[in-house]
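**Student:** Please find one structure pasted underneath; my questions will follow.
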Amino acid sequence: MSAPPLHRTRVWDLPTRLFHGALLLAVTGSVSTGLLGGSAMVWHFRFGQAVLALLVFRLLWGVWGGLWSRFSAMCFSPAVLWTYLRGQGGLALRTGHSPMGSLSVLAFLVVLSAQVATGLVSDDAIATTGPLSHLVSNALVATATAFHTKWGKLMIVVLVALHLAAMAWYSLKGHKLVGAMVHGDKALPEPMPASRDDTRSRLLAAALLGLGWAASVWVFSLAPSGM
């Protein structure tokens, strides 16, 4: 008896795939230059600006992006999460981000947002000052600096490590997550709705990324002259 045919379905649209790659490079660059310090801090701010632009884009893309990239496809109730952990639930829970994968992604976005926000108002009291630090109190600057340089950085490293470990685990279980993130398609046992990924949606993504970059440039432009 032959195996039932698989249905090749576009799950990850091109903008989402490019976002993942760009965010990985920007976060890696930001963390590494932050650890180096000194003259590398110029690039730390540039990578941070790129991360901010990408986060704004992802927030917008989570509303208007492809079906499986939307936040509406990533927000599961505790009951659904429990069902998934018990190995139950339909194919919809495994087509895009699983409930556990969704929690990981949302946690990563929240921590990254907090890291960028605190970086904007941090001050190392030596030579590096966030572009918005002059707009808040000294107490807030001290708190933000402590989070940005210690706990925030540690949480990002831990979340990245957990994300990579989860991908390795699922790969060992036969789930081709890396391949799907490269070409965007999954071979599913049943027909499922596909994410829109055509010229129109990609032009929309380009426009939203432009908005994200403009917002990031504007935020950094608020720094006092001479910084």
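Bear in mind that the values in this text are calculations on the coordinates, not laboratory data. Keep in mind the model is a prediction, meaning the values are calculated, not measured. With ideal geometry, Cβ positions are generated from the backbone for all residues, glycine too; neighbour counts draw on all protein chains shown.
**Student:** Compare the Cα positions of T95, L24, G65 along the charge dipole of the stretch 1-129 (+1 at Cβ of Lys, Arg; -1 at Cβ of Asp, Glu; about the Cα centre) and return the one farthest towards the positive end.
**Tutor:** Projecting each Cα onto the dipole axis, the largest value belongs to T95.
**Student:** Further, regarding this structure: Would you list the P(r) distribution for the chain, with all Cα-Cα distances sorted into 10 Å bins from 0 and each bin expressed as a whole %?
**Tutor:** 7, 29, 31, 20, 9, 2, 0, 0
**Student:** Moving on to the next point. Between the stretch 87-127 and the stretch 40-77, what is the separation of their alpha carbon centroids in Å?
**Tutor:** Taking the Cα centre of each part, the stretch 87-127 and the stretch 40-77 sit 9 Å apart.
**Student:** I've got another one for you. Show that you can apply the helix-only estimate: for the chain, add -39,500 (n - 2.57) for every DSSP H stretch of four or more residues, divide by all residues, and state [θ] at 222 nm to the nearest 500.
**Tutor:** Computed ellipticity for the chain at 222 nm equals -20500 deg cm²/dmol.
**Student:** Next question, about the same structure. Whose amide H sits under 5 Å from the amide H of S122, counting only residues 5 or more places off or on another chain, with H placed in the peptide plane?
**Tutor:** G130
**Student:** Let me ask something additional. Are there any helices in the chain, counted as whole DSSP H runs, that stretch 24 Å or more along their axis by Cα and score at least 0.5 on average by Kyte-Doolittle, and if so which?
**Tutor:** 14-36, 41-64, 99-120, 152-172, 199-221
**Student:** Can you tell me the relative contact order of the stretch 15-61? Whole percent, Cα pairs under 8 Å, sequence separation 6 or more. Could you put the intermediate results ahead of the total?
**Tutor:** Details: 28 pairs, mean separation 18.5, N = 47.
The normalised contact order for the stretch 15-61 reaches 39 percent.
**Student:** List F47, F71 from most exposed to least, where exposure is judged by having the fewest other Cβ atoms within 10 Å.
**Tutor:** Fewest-to-most ranking of F47, F71: F71, F47.
**Student:** With the contact rule set at Cα under 8 Å and sequence spacing of 6 or more, what percent relative contact order holds for the stretch 11-143?
**Tutor:** 18
**Student:** Say the dipole of the chain comes from +1 at the beta carbon of Lys and Arg and -1 at that of Asp and Glu; which of V219, G152, W12 then lies farthest toward its positive end?
**Tutor:** Towards the positive end, the residue furthest out is W12.
**Student:** Averaging over all projection directions, find the projected area of the Cα convex hull of the stretch 65-115 and quote it in nm² with one decimal place.
**Tutor:** On the way: hull surface 14.8 nm².
Averaged projected hull area, Cα only: 3.7 nm².
**Student:** Treating the Cα atoms of the stretch 143-227 as identical point scatterers in vacuum, please give the log10 of the normalised Debye intensity I(q)/I(0) at q = 0.11, 0.13, 0.14, 0.24 Å⁻¹, two decimals.
**Tutor:** Taken in order of the listed q values, log10 I(q)/I(0) reads -0.65, -0.85, -0.93, -1.10.
**Student:** Determine the relative contact order of the chain: mean sequence separation of Cα pairs under 8 Å and six or more apart, normalised by residue count, in whole percent.
**Tutor:** Working: 258 pairs, mean separation 83.7, N = 227.
With pairs under 8 Å counted, the relative contact order is 37 percent.
**Student:** For A168 and T143 in one chain, what is 0.36 nm times their gap in residues minus the Cα-Cα distance, to one decimal in nm?
**Tutor:** Extra length from A168 to T143 when fully extended: 5.4 nm.
**Student:** Roughly how big is the chain's charge dipole about its Cα centre, with Cβ charges of +1 (Lys, Arg) and -1 (Asp, Glu), in debye to the nearest 20?
**Tutor:** 540
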